[in-house]
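No value in this document is a laboratory result; all are computed from the given coordinates. Since the model is a prediction, treat every value here as computed from it, not as a measurement. Because the Cβ atoms are built from the backbone with ideal geometry, glycine has one as well, and the counts that use them run over all protein chains shown.
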């Protein structure tokens, strides 16, 4: 892997505190910075992947909602189903047999 130098300015107090943190972890400041940079890149990639997936899910749901061939449930059907589920959960929580 090719390497390059990354140079930037930082407050003296922050630099000293960071060096102490690195020493506490038995690393140099440069080693700890590399770890932090890799973590930041990894987190960003994961967030972007999740965002792409989530947007795809939303787009698919919107297309299905707009499709007249998509099966529909009436409000009463959904309400009845939830009432049955809620009653079963309440019964289970109270310790009574179903």
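Below are the figures for this structure:
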| read-out | value |
| --- | --- |
| Taking 6, 18 and counting other C-beta atoms within 10 Å, the order from fewest to most | 6, 18 |
| Principal-axis tilt of helix 29-66 within the chain, Cα atoms, nearest 10 degrees | 20 |
| At 1.002 mPa s and 20 °C, Stokes diffusion of region 12-94 via Kirkwood alpha-carbon radius, µm² per second | 116 |
| Crossing angle, helix 12-24 versus the chain [Cα axis fit, 0-90 degrees, rounded to tens] | 80 |
| Simple spin-label estimate for residue 18 and residue 92 in nanometres, 7 Å along Cα-Cβ | 5.1 |
| Length gained when the stretch residue 79-residue 43 is fully extended (0.36 nm per residue, less Cα-Cα span) | 8.9 nm |
